[in-house]
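Structure first, commentary second.
The values are calculated or read from the model by the stated rules, or taken from the named source; none is laboratory data. All of these numbers come straight from a predicted model, not from anything done at the bench. Glycine also receives a Cβ, built like all others from the backbone with ideal geometry; neighbour counts cover every protein chain displayed.
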Amino acid sequence: MAVPAHDDRDFEFAKAFNLRITQVIKPNPPAPNTPATPPPPPDTAFTGEGIAINSGQINTLPTPLAKIKIIESLERTGRGKRHINYKLRDWLFSRQRYWGEPFPIVFDESGLACDLPESMLPVLLPHVENFKPESSDDPNAPVVTPLGRATDWVACSLDLGDGRGTRPFTRETNTMPNWAGSCWYYLRYLDPTNENALVGKEAEQYWMVSKKADGTPHFGGVDLYVGGVEHAVLHLLYARFWHKVLFDLGYVSTPEPFGRLFNQGYIQAFAFKDARGIYVDAFKVTLQDGSLAFENQENAGPFAFEGQPVTREYGKMGKSLKNAVAPDDICEQYGCDTLRVYEMSMGPLEASKPWATRDIAGAHRFLQRVWRLIIDEQTGTTRVTDAPLSTASTRLLHKTIKGVRADMATLGFNTAVAKLIELNNDFTKQFGVDTKQPLPRAAAETLALMLAPFAPHMAEELWQRLGHTTSLAHAPFPQHDDALAADDEIEIPVQIQGKLRAKITVPAGSDAKTIEAAAMASDDVKKHLEGKAIKKVIVVPGKMVNLVLG
């Protein structure tokens with residue numbers, strides 16, 4: 001880089017060959033009332049940002065501005081061009097594992113790497129008994145990979161078709177890290193039986209190129225990709241990189257593989273560290289009374305693990321923090337449908353949410369109430385009738401369908417579950433076991449269909465018991481009637497001088513005069529208007545009322 005005063009490698013080179021080292025950046029001056037930054041030691045380079053010195057036209061400029069002025073000068077004089085380089089994080093493509101994709105590479109007797117001809121692909125993994133790599137404390141000792149033990153497979157005799165006949169070779173024993181396959185698997189789904197190409201052009205264009213609702217082209221065959229932040233940064237970064245390479249080579253017709261990315265939030269829980277700062281099993285940490293701390297998260301401690309004090313911290317749930325709840329354990333106790341409903345109802349999908357094992361029981365009780373609403377627990381038969389729903393319940397059912405459809409479209413699963421709970425509570429009051437009134441069949445089937453995305457196993461069982469012989473996965477999702485889904489009454493806020501002072505309830509569709517009259521009749525409004533003159537009344541039908549005082 002030719003800046004020995006400000007690059008460690010250049011500095012070492014200049015010192016070794018006794019070259020002149022000229023300082024061209026000095027440290028930034030200290031901020032007011034803060035101690036000055038000590039200068040770098042004499043035998044080291046200053047690699048931070050600062051103020052340009054000994055640098056001609058950029059003297060006195062801070063480093064960021066100096067860079068801009070240098071680029072502008074190079075472009076103005078035609079000696080250079082502005083360009084941004086993006087760096088990909090090293091993804092450790094070659095790994096000492098068994099289960100990755102084998103490299104189609106062999107080495108001849110001289111150690112020269114040779115690629116296998118297409119007729120020898122794919123390279124299949126051999127059977128091995130031991131999947132663990134072996135390392136040694138000796139840094140010079142070679143690492144024994146799992147494939148290295150398959151000596152009959154590693155040492156092979158092959159004719160590569162290069163005219164040199166059959167020769168001895170040694171196979172590459174590292175494997176690819178599964179990124180190789182996971183970076184383009186979505187393309188293989190489009191044409192999985194194609195034996196001549198990773199994906200045929202017609203299939204690729206059919207699935208990857210489409211039109212939006214407004215008729216404009218939509219590029220990206222995967223409309224929605226849901227994944228955590230780390231997953232997006234790692235896997236999706238390289239999947240896009242891989243896809244763009246395929247696009248540049250002409251194998252795919254879209255520059256982007258994915259239309260939209262949605263990051264779900266973390267599931268959070270308490271973790272505990274011992275005096276060494278090492279995480280301990282969170283499920284064995286106790287309070288002073290001997291109870292488990294993980295199940296009593298409101299308690300502030302002190303906490304102990306195997307008789308020794310530990311500290312508590314809050315963060316994401318994970319194996320490394322030893323605070324991960326095993327889904328299998330929850331499924332064993334409550335069933336996987338309960339786990340799904342609980343996780344979807346914890347909060348907005350994009351938000352990080354605290355785990356609370358005891359709250360799972362609430363999701364379980366909801367599913368039990370739905371089951372008892374439709375199924376007689378004594379006989380196992382359905383509690384349904386062909387009679388129609390009441391007008392009020394019909395309106396609530398259509399409002400729920402409309403709300404759930406809207407929530408599903410925006411991934412608002414928590415609010416969708418809340419609407420289903422409200423609907424089930426209404427049905428239970430009218431048709432619960434205590435009422436001895438059967439639930440209308442149309443309502444039962446609609447409830448099962450809306451429940452299916454959250455509790456698919458239970459919903460499928462209800463669907464079959466309701467007399468259907470095919471899966472509910474093939475049934476259309478319920479549609480609402482806008483007229484029935486509309487509210488009879490709506491609540492409108494009333495502001496006085498821009499401050500909320502009251503809320504009024506009026507019939508849906510009321511005009512401005514009706515809304516104004518209702519606002520003036522409100523006791524809360526009258527109280528805030530005592531002795532004051534109204535200058536102006538602003539009514540936005542269906543939205544708000546604002547009173548401006550004179």
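Brief remarks on what is shown
- Cβ-Cβ under 6 Å pairs, at least 6 apart or on other chains, the stretch 271-287 side closer than 13 Å to Glu313 by Cα, far side β-branched (Val, Ile, Thr) and in a loop (DSSP other than H, G, I, E, B): Phe272/Val285
- Residue pairs whose Cβ atoms lie under 8 Å apart, separated by 6 or more positions or on different chains, with the first residue in the stretch 75-86 and assigned to a loop (DSSP other than H, G, I, E, B) and the second hydrophobic (A, V, I, L, M, F, W, C) and surrounded by 10 or more Cβ atoms within 10 Å (Cβ to Cβ), are Gly80/Ile71; Gly80/Leu74; Lys81/Leu74; Arg82/Ile71.
- Entry remark, the stretch 209-225: residues being surrounded by 14 or more Cβ atoms within 10 Å (Cβ to Cβ) and either in contact with a Phe, Trp or Tyr (Cβ under 7 Å, 6 or more places away or on another chain) or at pLDDT 90 or above (or both) number 5 in total.
- Ile538 fulfils the conditions (1) touching a residue at least 24 places away in the same chain (Cβ under 8 Å); (2) surrounded by 11 or more Cβ atoms within 10 Å (Cβ to Cβ) except for a single criterion, (1).
- Flag for Thr379 being of a type outside the set (D, E, K, R) and in a helix (DSSP H, G or I): no
- Those helices (runs of 4 or more DSSP H) lying entirely in the stretch 146-255 with at least 3 residues under 24 Å from Ser94 (Cβ atoms) and among the charged types (D, E, K, R): 237-248
- Subset of the stretch 232-259 (residues that are without any contact (Cβ under 8 Å) to a residue 40 or more places away in the chain and more than 20 Å from Tyr86 (Cβ to Cβ)): Gly250
- So Ile421, is it part of a helix (DSSP H, G or I), in contact with a Pro (Cβ under 7 Å, 6 or more places away or on another chain) and at negative phi: no
- Positions within the stretch 165-184 being surrounded by fewer than 12 Cβ atoms within 10 Å (Cβ to Cβ) and either in the same structural domain as Leu237 (by TED's automatic domain parsing) or among the hydroxyl-bearing types (Ser, Thr, Tyr) (or both), in sequence order: Thr166
- In the stretch 389-417, the residues that are in contact with an Asp or Glu (Cβ under 6 Å, 6 or more places away or on another chain) and of a type in the set (A, V, I, L, M, F, W, C): Leu396, Ala416
- Here the condition is being of a type in the set (Ser, Thr, Tyr) and closer than 16 Å to Leu484 by Cα; of Thr381, Thr391, Thr385, it holds for Thr391 alone.
- In the stretch 313-327 there is at least one residue that is within 30 Å of His457 (Cα to Cα), in contact with a Gly (Cβ under 7 Å, 6 or more places away or on another chain) and of a type in the set (A, V, I, L, M, F, W, C).
Yes/no matrix, rows are residues, columns are (1) over 18 Å from Ala392 (Cα atoms); (2) part of a helix (DSSP H, G or I); (3) of a type outside the set (Ser, Thr, Tyr); (4) touching a residue at least 40 places away in the same chain (Cβ under 8 Å):
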position: Gln430; (1), (2), (3), (4): no, yes, yes, yes
position: Asp434; (1), (2), (3), (4): yes, yes, yes, no
position: Gln464; (1), (2), (3), (4): yes, yes, yes, no
position: Ile492; (1), (2), (3), (4): yes, no, yes, yes
position: Gln495; (1), (2), (3), (4): yes, no, yes, yes
position: Ile504; (1), (2), (3), (4): yes, no, yes, yes
position: Gly509; (1), (2), (3), (4): yes, no, yes, no
position: Ala519; (1), (2), (3), (4): yes, yes, yes, no
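- If only residues of the stretch 59-97 that are over 30 Å from Pro146 (Cα atoms) and hydroxyl-bearing (Ser, Thr, Tyr) are counted, the one that is modelled with the lowest pLDDT is Tyr86.
- Within the stretch 256-270, the residues that satisfy the criterion of being under 23 Å from Gly318 (Cα atoms), part of a strand (DSSP E or B) and in contact with a Lys or Arg (Cβ under 9 Å, 6 or more places away or on another chain) are Ile267, Gln268, Ala269, Phe270.
Yes/no matrix, rows are residues, columns are (1) within 20 Å of Leu321 (Cα to Cα); (2) more than 28 Å from the chain's Cα centre (by Cα); (3) surrounded by fewer than 13 Cβ atoms within 10 Å (Cβ to Cβ); (4) at pLDDT 90 or above:
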position	(1), (2), (3), (4)
Lys201	no, yes, no, yes
Leu234	no, no, no, no
Leu261	no, no, no, no
Val280	yes, no, no, yes
Thr286	yes, yes, no, no
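- All positions within the stretch 288-335 that are without any contact (Cβ under 8 Å) to a residue 60 or more places away in the chain, charged (D, E, K, R) and exposed (fewer than 13 other Cβ atoms within 10 Å of the Cβ): Asp289, Glu298, Glu306, Glu313, Lys319, Asp328, Asp329, Glu332
- Every residue from the stretch 8-45 that is at pLDDT 90 or above, at negative phi, assigned to a loop (DSSP other than H, G, I, E, B) and out of contact with any helix residue (DSSP H, G or I) (no Cβ under 6 Å at 6 or more places or on another chain): Phe17, Leu19, Arg20, Thr22, Gln23, Val24
- Summed over the stretch 369-397, residues that are under 30 Å from Ala409 (Cα atoms), polar (S, T, N, Q) and loosely packed, with under 14 Cβ neighbours inside 10 Å total 2.
- Only one of the numbered conditions (1) exposed (fewer than 11 other Cβ atoms within 10 Å of the Cβ); (2) under 30 Å from Ser393 (Cβ atoms); (3) free of Cβ contacts under 8 Å to residues at least 12 places away in the same chain is violated by Ser471, and that is (1).
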